[in-house]
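Here's the structure, in structure tokens; my notes come after.
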Amino acid sequence: MTGQLVPAQAGAPAAESDVMVRAEQVHKSFGPLEVLKGIDLEVRAGEVCCLLGPSGSGKSTFLRCINHLEKINAGRIWVDGDLIGYRERGGKLHELRDKEVAAQRRAIGMVFQRFNLFPHMTVLQNIVEAPVLLGQAKKAEARDRAAQLLERVGLSDKLGAYPGQLSGGQQQRVAIARALAMQPKLMLFDEPTSALDPELVGEVLDVMKDLARDGMTMIVVTHEIGFAREVGDSLVFMDGGVVVEQGNPREVIANPRHDRTKAFLAKVL
Ligand code: ADP
Ligand code: MG
């Protein structure tokens with residue numbers, strides 16, 4: 001089946017090795033409501049891109065489009081040089097098969113505002129489940145890796161605990177470890193600290209900082225301006241389904257150029 005996307009352009013971008021995510025003129029509507037109105041964005045490998053914007057501006061929708069949770073109506077998204085959801089052949093776009101979509105999704109980790117851990121499974125089982133089920137690792141290997149990941153997020157002692165026995169911050173750290181267990185090349189975070197009590201925000205941000213230092217490519221939707229300033233390599237400000245302003249986080253935060261960015265920052269700073 002051919003997608004309803006814009007036709008291939010002459011000189012479409014090649015798979016540049018240092019570009020991890022490239023979005024070109026991404027459009028997404030829900031019925032008559034146009035939520036993304038032509039998003040262009042580039043995230044280089046190893047970069048932390050912080051995505052800011054008021055509620056309803058399309059941030060979650062955009063992340064969901066990268067991760068195949070939503071289908072775009074027009075435009076293109078590449079992750080690590082692979083066109084998301086489609087294959088280009090003879091100037092035409094063909095939808096990928098389910099198996100190919102699954103393979104693309106596996107390479108992208110996502111962490112949500114709500115942790116979505118399986119409540120009836122221990123912390124260890126939560127992390128081991130997907131890699132084993134998807135045949136990515138043997139059980140023993142997956143357990144070893146899970147133990148390492150739990151150490152990394154500071155929860156080695158919670159291996160046998162159930163999610164209900166953990167604080168929100170601990171659950172979110174498990175959710176991050178679970179996403180990392182798939183060995184993704186890209187991590188998407190959708191307001192990972194918004195549901196947490198203020199005193200638990202820091203421990204989750206610390207894990208994310210550690211990941212960033214380790215070179216993980218990340219797109220982080222957040223209202224944590226301190227995190228964007230300290231850890232972000234780029235800041236993208238979205239409003240009304242468009243990118244209003246982007247640049248170096250420290251520069252944009254200190255000197256926002258657009259009124260909408262100024263108004264938003266004045267509220268969250
Ligand atoms: P943000 O994450 O920036 O707050 P969202 O991407 O969640 O914004 O939502 C953008 C707009 O799209 C909102 O108006 C929201 O109501 C709408 N929207 C999101 N998902 C759906 C959906 N599945 N069906 C209909 N409308 C949706
Ligand atoms: Mg959102």
Condition check for residue 137: farther than 23 Å from residue 69 by Cα, crowded, with 19+ Cβ neighbours inside 10 Å and out of contact with any Cys (no Cβ under 9 Å at 6 or more places or on another chain): yes
Residue that is nearest to ligand 1 (Cβ to nearest atom), among those in segment 172-208 that are over 18 Å from the mean Cα position of the chain (by Cα) and either of a type outside the set (A, V, I, L, M, F, W, C) or outside any helix (DSSP H, G or I) (or both): 196
Output for segment 1-46, where each listed residue is polar (S, T, N, Q) and modelled with pLDDT under 95: 2, 4, 9, 17
Counted residues, segment 48-62 - those being surrounded by fewer than 22 Cβ atoms within 10 Å (Cβ to Cβ) and either away from ligand 2 (no atom under 16 Å from the Cβ) or hydrophobic (A, V, I, L, M, F, W, C) (or both): 0
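Yes or no: residue 179 of a type in the set (A, V, I, L, M), under 14 Å from residue 153 (Cβ atoms) and either touching a Leu at 6+ places or on another chain (Cβ under 6 Å) or surrounded by 14 or more Cβ atoms within 10 Å (Cβ to Cβ) (or both)? Full working, then the answer.
Details: of a type in the set (A, V, I, L, M): yes; under 14 Å from residue 153 (Cβ atoms): yes; either touching a Leu at 6+ places or on another chain (Cβ under 6 Å) or surrounded by 14 or more Cβ atoms within 10 Å (Cβ to Cβ) (or both): yes.
It is true that residue 179 is of a type in the set (A, V, I, L, M), under 14 Å from residue 153 (Cβ atoms) and either touching a Leu at 6+ places or on another chain (Cβ under 6 Å) or surrounded by 14 or more Cβ atoms within 10 Å (Cβ to Cβ) (or both).
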Hey, residue 258 within 16 Å of ligand 1 (Cβ to nearest atom) and either within 23 Å of residue 26 (Cβ to Cβ) or crowded, with 21+ Cβ neighbours inside 10 Å (or both) or not: no
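The values are calculated or read from the model by the stated rules, or taken from the named source; none is laboratory data. Bear in mind that the values here come from a model prediction, so they are computed numbers and not experimental data. With ideal geometry, Cβ positions are generated from the backbone for all residues, glycine too; neighbour counts draw on all protein chains shown.
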